[in-house]
Structures are given as structure tokens and as C-alpha cells.
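Let me begin by presenting the structure, written as C-alpha cells, before commenting on it.
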Amino acid sequence: MSEISEEMRMTVVESREWYMAAYAPEGVPTSDHLKLRTVKISLALDSIPDQHVVLETLFISLDPYLRSRMTGREDGLYSPQYNLNEVVSAFGVGRVVRSKVSIYGEGDMVISGFIPVAEYCVLPSQALIRKIDADAGILLPEYISTLGVPGFAAWIGIQVVAEPIKPGSNVFISAAAGAVGMYAGQLAKLKGCRVVGSTGSDEKVRLIKEEFGYDDAFNYHTETDYDAALSKYFPNGIDVYLDNVGGEMLEAVLNHVNRHAKIPLCGMISEYNKVWTERKGVRNLLNLVGKEVKMQGFLLGSYLDRFGDFAKEMESHLKERKINSKLKIVHGIDKFLESLGSLFTSSNIGKVVIQVK
Ligand code: NAP
């Protein structure tokens, strides 16, 4: 990381930032919706409001929910919409270059859930989650991956919503080679479960078995009869299904659930680019009644009181190498739009993070 130079102390910096030019109700957002512009940010202390910091952005977390903030309507995830003509924000890691907050000093690394997708930004202290201990021996992007949104979502899904999860339970996870899926599968294995995942390429099928300890996996692009695939991979039925994709896979799962199965609904990425009338209907919800299944949506914001327990446990798993993590680091803020679009394809493995510089 570069030191803060004397020249920078005095000056105004140019910062490229992505802003919401128009909402995208359907389809993957394009350059009609998200645009890059350059703004100037003053680093002069007297221009910074009290209780604010100036950050140099280091890493930005690419998460599917960002897309749901760009539709111009509130439904589905009910995410607050980005304001038109304003910079968009995400989870990220930044370095403090100026501070008017007593607990943050120049050079501190911090995490924010509302870091602008920009090279520099001015943020109020309430937008900062915590300071990172740079000597903890944890890579900075891991704070927005294993210890960030996807790790927390996997932990809440498997250890809170699906609880009590018994050793030997048959667990199915979709988008299993994605950020949430890679951690969820490993957490279920640590609980002694038999874990099977679906993912979008043969390479990822191999990877999740070899690196994330999945007992089995299938490529849903080639095994397209999901009902037949689930009969094959779950001869004893499914006890827990962590749903990341929704649609046809969820429908097929409902034909294979065991009595009192749990279905934590983490997300439904197959439906995010559609208006509700175009979304897949799930025809066999009736099975939930006969099998007395608990299906429950969850949002991390409702579980912030569990963040401390989660962070302590995952940090120790990470240090003891009980949890593997795969990061796809994309270099340059200009890659934000295409990287966001790539989340809706099968082209990524693990957690996608933008290294801003
Ligand atoms: P991610 O790493 O970006 O993974 C997304 C993966 O989904 C893609 O790599 C792709 O992998 C798969 N995918 C994309 N389009 C698909 C489609 N049409 N049908 C089936 N699979 C598709 O995402 P993530 O961070 O793991 O998030 C996974 C899910 O968890 C998302 O639904 C997200 O919104 C949700 N989530 C929820 C919370 C919460 O608070 N509830 C928090 C974090 C994430 P393959 O095609 O190779 O499988």
C-alpha cells in the first residue's frame, strides 16, 4: 500500500466513481444504467465535516443484492434503491487518509457497508463498521468475504436458520461454488453433514469436492433434469436446502424433502433480473404442508446481534485452516459494471472482489 505523500496532504484528489444514471427494472444493468465519472475530493482538513473521514477505497465486495438496489422498485429483497445521479455503494475496505473522528487515525484500515464504489470518499463515522487489525494475519479482502457478507450469510443460513442441524443430515446447496455456497458447504461439513452442491461448470464441480469438501456435486447446465439429479444424489431425501437460486431448482427440491426439512432462503439469483410476472412459479409448495417443512427467508440485517459470535468462530476457522476461501480479485474500479454482470453467469469461482487500484 502506498504511503500518504506530503503532496497528497495538501491537495485535492481526482476520484472515479460509478453512479446510477437510470434504473434497470429488467435484465442485467448496462452502461445505460451505471456510468463512471470523475469528481474532485478535497483533502484539506477544514473542508471535511466533523465526525467524518476521507477514505481511499482498497477493495469492493461484489454481491448480487447490489443489483436489487438498481431496479427502481421495492420488491423481492426490498433493498433500498440507489438515488439517481448519486454514487452507488457496497461493502468494502478502505484506508483512512484524513480523519475528524477521534477513534480513527490516518492509515487505519476500516470496513464499511456503505463504501461508495469510488476511488476516494468522505464518510460519516456511522457508516464505518470497524477498524481492521492489520497485524491479525488475515488478508484484507477476507474481511469482505469469509468475515463479510457471504461468510455471515452462510453461517446464519446453516447455523441459525437451519438449526438444529444434526450430524449425518443430507444438505443440498445451490450456487455451491459462489461466495456463500463455498462457506455454507464447509460449515455443514464441520457439523458432520453429508453435503451435495449444484454449480455451473464441471471445473467447479471438481473444485467444490476437492477444495471445499463437498461429498458430491453436479453441473446444473448438463444435468438439466433437476428432479432426476436430486433422486440420484439424495437417495435418502434432503433434510436441509440452502437456497441461493430459487426458480426451477427450488421447485425440484420440494419433491425430495424429508419430513421436517428446513429450507433457509438465502437468495434467488435466477430471479433478480426479472419483473415479478416473469419469475418462475414454484408449483409444488403443497409438499411443504405434507412434509411439515420450514421454509424461511432471512436478511443479514436482522442478525447483527450474532455478528460477534460469527466473526470469532470464522476467524478461528480461517486461522486453523478449517475453512478454505477462494477469491477472484478483479483489478481496477473501471471493471465494476462488467464484474457485476458476471455474477449472473457461471463464469466466476468463489468470491468476486474489486481491488480498486
Ligand atoms: P456469487 O458468489 O456472486 O455467486 C453467484 C452465483 O450464482 C454465480 O457464480 C452462478 O454460479 C450462480 N448463478 C448466477 N445466475 C444463476 C441462475 N440464473 N441460475 C442459477 N445459478 C445462477 O453470489 P453469493 O454472494 O454467493 O450469493 C448467493 C446468493 O445468496 C444470492 O442469491 C445472494 O443474493 C444471496 N445472499 C443473501 C444474503 C442474505 O442476507 N440473505 C446475503 C448474501 C448473499 P453457478 O451458475 O456456477 O452456480
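Numerical summary
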{"quantity": "Whichever residue in segment 329-343 is within 14 Å of the ligand (Cβ to nearest atom) and assigned to a strand (DSSP E or B) and, among such residues, is surrounded by the fewest Cβ atoms within 10 Å (Cβ to Cβ)", "calculated": "Ile329"}
{"quantity": "Within segment 13-36, considering residues that are over 17 Å from Pro64 (Cα atoms) and loosely packed, with under 13 Cβ neighbours inside 10 Å, the one modelled with the lowest pLDDT", "calculated": "Glu14"}
{"quantity": "Filter pass, Gly107 being within 30 Å of Gly350 (Cα to Cα), over 25 Å from the mean Cα position of the chain (by Cα) and not β-branched (Val, Ile, Thr)", "calculated": "yes"}
{"quantity": "Segment 187-200, residues that are within 13 Å of the ligand (Cβ to nearest atom) and touching a helix residue (DSSP H, G or I) at 6+ places or on another chain (Cβ under 9 Å)", "calculated": "Gly197, Ser198, Thr199"}
{"quantity": "Subset of segment 232-272 that is more than 15 Å from the ligand (Cβ to nearest atom) and of a type in the set (Val, Ile, Thr) - its residue that is farthest from Pro167 (Cα to Cα)", "calculated": "Val257"}
{"quantity": "Count of segment 120-145 residues which are of a type outside the set (S, T, N, Q), under 21 Å from the mean Cα position of the chain (by Cα) and under 20 Å from Gly332 (Cα atoms)", "calculated": "6"}
{"quantity": "Subset of segment 137-186 that is more than 9 Å from the ligand (Cβ to nearest atom), in contact with a helix residue (DSSP H, G or I) (Cβ under 6 Å, 6 or more places away or on another chain) and not in a helix (DSSP H, G or I) - its residue that is nearest to Pro235 (Cα to Cα)", "calculated": "Val171"}
{"quantity": "Check on Asn170, under 22 Å from Leu285 (Cα atoms) and either at pLDDT 95 or above or basic (Lys, Arg) (or both)", "calculated": "yes"}
{"quantity": "Met295 surrounded by 15 or more Cβ atoms within 10 Å (Cβ to Cβ), among the hydrophobic types (A, V, I, L, M, F, W, C), within 12 Å of the ligand (Cβ to nearest atom) and over 18 Å from Thr146 (Cβ atoms)", "calculated": "no"}
{"quantity": "Residue satisfying all of: in segment 61-96; over 14 Å from the mean Cα position of the chain (by Cα) and of a type in the set (Phe, Trp, Tyr); nearest to the ligand (Cβ to nearest atom) among these", "calculated": "Tyr78"}
{"quantity": "Among (1) within 25 Å of Ser31 (Cα to Cα); (2) of a type in the set (Val, Ile, Thr); (3) surrounded by fewer than 21 Cβ atoms within 10 Å (Cβ to Cβ) - the single one Val117 does not satisfy", "calculated": "(3)"}
{"quantity": "Condition check for Ala229: within 13 Å of the ligand (Cβ to nearest atom), more than 23 Å from the chain's Cα centre (by Cα) and in contact (Cβ under 8 Å) with a residue 12 or more places away in the chain", "calculated": "no"}
{"quantity": "Some residue of segment 117-126 being in contact with a Leu (Cβ under 7 Å, 6 or more places away or on another chain) and within 21 Å of Gly301 (Cα to Cα)", "calculated": "yes"}
{"quantity": "Residue match in segment 344-353 (condition: more than 10 Å from the ligand (Cβ to nearest atom), closer than 18 Å to Ala154 by Cα, at pLDDT 95 or above and surrounded by 17 or more Cβ atoms within 10 Å (Cβ to Cβ))", "calculated": "yes"}
{"quantity": "Positions within segment 152-185 being of a type outside the set (A, V, I, L, M, F, W, C) and crowded, with 24+ Cβ neighbours inside 10 Å, in sequence order", "calculated": "Gly157, Ser174, Gly178, Gly181, Tyr183, Gly185"}
{"quantity": "Residues of segment 190-206 that turn out to be touching a residue at least 40 places away in the same chain (Cβ under 8 Å) and closer than 21 Å to Ser270 by Cβ, as a count", "calculated": "6"}
{"quantity": "For Leu207: the one exception among (1) of a type outside the set (S, T, N, Q); (2) crowded, with 24+ Cβ neighbours inside 10 Å; (3) within 12 Å of the ligand (Cβ to nearest atom)", "calculated": "(2)"}
{"quantity": "First in segment 140-165 and in contact (Cβ under 8 Å) with a residue 12 or more places away in the chain and farther than 25 Å from Gly192 by Cβ, second anywhere and among the β-branched types (Val, Ile, Thr) and within 11 Å of the ligand (Cβ to nearest atom), Cβ under 6 Å, 6 or more apart", "calculated": "Pro141/Val353"}
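Yes/no matrix, rows are residues, columns are (1) more than 19 Å from Val195 (Cβ to Cβ); (2) touching an Asp or Glu at 6+ places or on another chain (Cβ under 6 Å); (3) buried (at least 18 other Cβ atoms within 10 Å of the Cβ); (4) hydrophobic (A, V, I, L, M, F, W, C):
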| residue | (1), (2), (3), (4) |
| --- | --- |
| Ile238 | no, no, yes, yes |
| Leu242 | no, no, yes, yes |
| Lys262 | no, no, yes, no |
| Lys274 | yes, no, no, no |
| Arg279 | yes, yes, no, no |
| Leu285 | yes, no, no, yes |
| Lys312 | yes, no, no, no |
| Lys319 | yes, no, no, no |
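The values are calculated or read from the model by the stated rules, or taken from the named source; none is laboratory data. Because the structure is a prediction, the values reported are computed rather than measured. Heads up, the Cβs are rebuilt from the backbone with ideal geometry, glycines too, and the neighbour counts pull from every protein chain shown.
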